[in-house]
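The values are calculated or read from the model by the stated rules, or taken from the named source; none is laboratory data. This structure is a prediction, so every number in the text was calculated from the model and none was measured.
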Amino acid sequence: MSIDRIVLAFAGSVILISLLLSQLHSIYWLWLTAFVGANLLQASFTGFCPLAKVLKMLGVKPGQAFD
């Protein structure tokens with residue numbers, strides 16, 4: 001898998017998990033959903049994604065979005 005696919009899969013997983021936790025435990029888990037959404041939005045404008053940088057350092061194959 002490329003960095004792009006891993007980042008998207010990770011973001012989607014965190015969003016779904018935080019939505020589940022907000023229903024089971026506390027509504028404050030929705031702040032995690034908001035954080036992930038804000039990070040995705042800023043990455044679309046700046047091209048900077050912390051997870052992509054870490055994955056690149058670990059030697060994961062780059063994709064089209066994150067160099």
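Summary of computed values
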{"read-out": "Residue that is nearest to Pro62 (Cα to Cα) [pool: residues in segment 3-38 that are among the small types (Gly, Ala, Ser) and over 14 Å from the mean Cα position of the chain (by Cα)]", "value": "Ser22"}
{"read-out": "Yes/no for Phe66 being within 13 Å of the chain's Cα centre (by Cα) and modelled with pLDDT under 90", "value": "yes"}
